Amino acid sequence: MESSFDTIILGTGLTESIVAAALSKAGYKVAHLDTNSFYGGNEASLSFEELIQWADANSSSIDSPFSFITYSTRVLPQPRQYSICLRPSIIPSMGPLISSLISSGVSKYSGFRLLDCVSVYHPSGLVKNVPASKEDVFKSNEITLIGKRRLMRFLTFAAGDFEIQKEIQGKHDKPFLEFLKTEFSLSDDIAGVIAYALAYCVSEADPTHPALRRLHKYLHSIGRYGPSAFLVGHYGGIGDIAQGFCRAAAVHGATYILGRKIESITQSEPGNTPNSRYTVCLVDFPEPLKCNLLISSPSYVPPELANDAFHLPSSVFNQSSVDVIARCTVIIDKSISLGSRSKDDPSVSDEVAARTGVDTGVLVVPPSSVAGGSSTSAAIVFITGEGSMSAPSGKWILYIALPVPSSSVSPESILKPYLDAVLALTTDPADVPAQPLFAMFYLETSSGTRSERGARRTEASYLVPPCLNYVSLPDLPDTATVHAEATFREALKVVGRSDDELRLNVEFWPPVEEAEDSEVI
């Protein structure tokens with residue numbers, strides 16, 4: 001087996017997997033390692049059995065970003081037919097990840113479907129679908145004619161070159177909700193839907209400029225592949241996509257080693273031997289691996305090399321300030337209705353309600369919408385089912401995420417009101433709330449500080465991509481991709497060919513060769 005590489009990459013999270021594929025495709029020798037037995041790192045998609053193993057392993061780890069992990073002990077049938085994502089996400093139809101999937105050819109390794117709907121939960125228990133197009137806005141009977149005109153004026157502003165418009169000047173940091181009400185005279189209800197369900201704001205204090213950038217992307221994503229602005233990846237989403245990039249890297253010669261613990265990482269001055277700056281020794285592995293460039297996710301940085309690692313600054317504009325997120329993953333056997341339906345609404349028959357269950361959908365719960373819930377942060381509920389190849393027939397996976405103020409809260413107690421509210425939206429004709437077949441609760445804490453930059457040298461030989469901290473549900477895939485390209489550019493400064501101009505102008509994704517299709521089964 002080859003033991004000398006241009007670069008060794010530690011961790012198979014989405015960012016690291018994209019970097020591995022890009023460097024391999026550019027012709028560099030890559031070894032890609034992960035101490036886990038699965039691909040995806042903290043974004044992995046796991047079977048039910050793997051999820052239980054992951055929970056047990058992280059419960060006993062003091063270095064894990066996941067804590068307070070609890071789960072029910074019920075054993076499910078068909079456990080291998082579940083693909084449960086640790087960091088679920090939806091994918092904007094326009095953006096860096098979609099561009100990379102197409103340009104790299106990795107899209108052929110994965111399957112996708114359109115998101116069925118995005119809905120908003122009202123304190124009354126009413127759930128309303130968010131209009132997905134201008135036509136939907138005009139058809140709505142719940143918005144007045146004046147309200148529609150004001151809304152269309154705002155959407156035209158947000159879809160255009162809003163950066164140069166007078167409405168935004170001097171108001172970049174103004175709370176977005178306040179901006180919508182004062183600059184465009186939008187009602188509280190409409191402003192709330194825009195802020196939380198279209199721009200995916202976390203709280204009423206979220207600033208205007210980042211929210212407008214997210215909304216701009218949303219408006220331009222509508223219609224590219226269908227009526228929805230978002231795609232849902234098959235088999236758990238971004239975990240399977242990360243594995244697709246790893247597969248592309250392997251096709252171009254990358255070496256993969258999973259499930260081996262790292263015994264040591266040592267550094268030496270580069271000598272006459274090629275690729276000898278770093279030596280990585282693995283437990284129960286026959287020979288050490290050597291390279292001149294080391295790339296790793298933050299969790300892999302050994303204490304003895306902490307001062308040598310260069311933590312790349314995030315180049316993503318809308319980094320969130322959220323440090324702790326409460327999450328739960330629930331499996332149910334009754335579909336959930338995300339249509340305009342209330343338990344007390346006699347105008348919607350049980351028969352109609354039963355037909356409105358979604359296979360993949362998002363429910364946004366604004367602050368103060370659920371009794372006992374948060375008054376400051378919005379919660380996001382993401383539903384996936386058989387249509388996304390994530391669960392067997394007749395089963396659905398519910399993911400709930402809520403930013404919380406500290407890492408000392410109980411995720412189960414703080415998320416229970418949201419879970420109860422969602423389970424009450426069952427499409428069962430008898431209106432009997434669904435009961436979880438399985439439930440897991442945990443906290444996820446940011447894996448590093450945003451200000452951590454590391455030592456900067458002319459040629460940094462140990463690169464750590466920016467932490468993939470909490471961002472909105474649609475932002476995670478694109479954030480990882482932007483981080484990956486920035487890491488790729490830095491890597492070229494170390495492993496690039498002797499011609500400086502050539503190495504710095506290497507394409508992130510060289511043109512896809514037609515012959516590749518015949519090389520992959």
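The values are calculated or read from the model by the stated rules, or taken from the named source; none is laboratory data. In this text, all values refer to a predicted model and were calculated from it rather than measured experimentally. Don't worry about glycine lacking a Cβ; one is built from the backbone with ideal geometry, like all the others, and counts go over all protein chains shown. The protein model used for the area step is the full one, side chains on, heavy atoms only, and it has no ligands, DNA or RNA in it. Shrake-Rupley method; radii C 1.70, N 1.55, O 1.52, S 1.80 Å.
Pop out the carbon and sulfur fraction of the accessible area of the stretch 133-221 as a percent, whole number, probe 1.4 Å.
Details: 2360 of 4530 Å².
Answer for the stretch 133-221 is 52 percent, counting heavy atoms of protein chains only.
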Within straight-line cross-link reach of residue 290, lysines at Cα separation under 27 Å, skipping those fewer than 8 residues along the same chain: 25, 29, 261, 493
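Calculate, in nm to one decimal, what residue 161 and residue 267 gain on full extension: separation in residues at 0.36 nm each, minus their alpha carbon distance.
On the way: separation 106, 0.36 × 106 = 38.16 nm, distance 4.90 nm.
Taking 0.36 nm per residue and subtracting the Cα distance, the gain is 33.3 nm.
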The chain - percent relative contact order, Cα under 8 Å, separation 6 or more: 25
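Restricting to the chain, what percent of DSSP beta bridges are antiparallel, rounded to 5?
Details: 52 of 74 bridges.
In the chain, DSSP labels about 70 percent of beta bridges as antiparallel.
Under a 1.4 Å probe, what is the accessible area of the chain per residue, stated in Å²?
Numbers: 21890 Å² over 521 residues.
Result: 42 Å² per residue.
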Mean Cβ neighbour count within 10 Å, used as a protection proxy, ranking 13-22, 473-482, 199-208, 398-407 highest first: 13-22, 473-482, 199-208, 398-407
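What percent does the relative contact order of the stretch 133-221 come to when contacts are Cα pairs within less than 8 Å and at least six residues apart? Intermediate results must be reported in sequence, preceding the final value.
On the way: 73 pairs, mean separation 27.1, N = 89.
Once normalised by length, the contact order is 30 percent.
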Sequence ranges 54-62, 297-305, ranked by mean other-Cβ count within 10 angstrom, highest first: 297-305, 54-62
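Provide the packing ranking of 167-177, 96-106, i.e. peptides ordered by the mean count of other C-beta atoms within 10 Å per residue, highest first. Could you put the intermediate results ahead of the total?
Numbers: 167-177: 15.9, 96-106: 21.0.
Sorting 167-177, 96-106 by mean packing, highest first, produces 96-106, 167-177.
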Label assignment, Rg/Rh (Cα atoms, Kirkwood Rh) derived from the structure, set (1) 0.98; (2) 1.15; (3) 1.03: (1)
Theoretical ellipticity at 222 nm over the chain - DSSP helices of four or more residues, -39500 (n - 2.57) apiece, nearest 500: -8000 deg cm²/dmol
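Over 23 Å between C-alpha atoms is what I'm after, so list which of 148/181; 148/217; 139/174; 108/334; 128/171; 217/334 land there.
Numbers: 148/181 14 Å; 148/217 21 Å; 139/174 32 Å; 108/334 32 Å; 128/171 30 Å; 217/334 33 Å.
As for pairs spanning more than 23 Å Cα to Cα, those are 139/174; 108/334; 128/171; 217/334.
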Angstrom value of the Kirkwood radius, inverse mean 1/r, which spans all Cα pairs in the stretch 133-221: 13.0
Principal-axis tilt of helix 145-159 within the chain, Cα atoms, nearest 10 degrees: 10
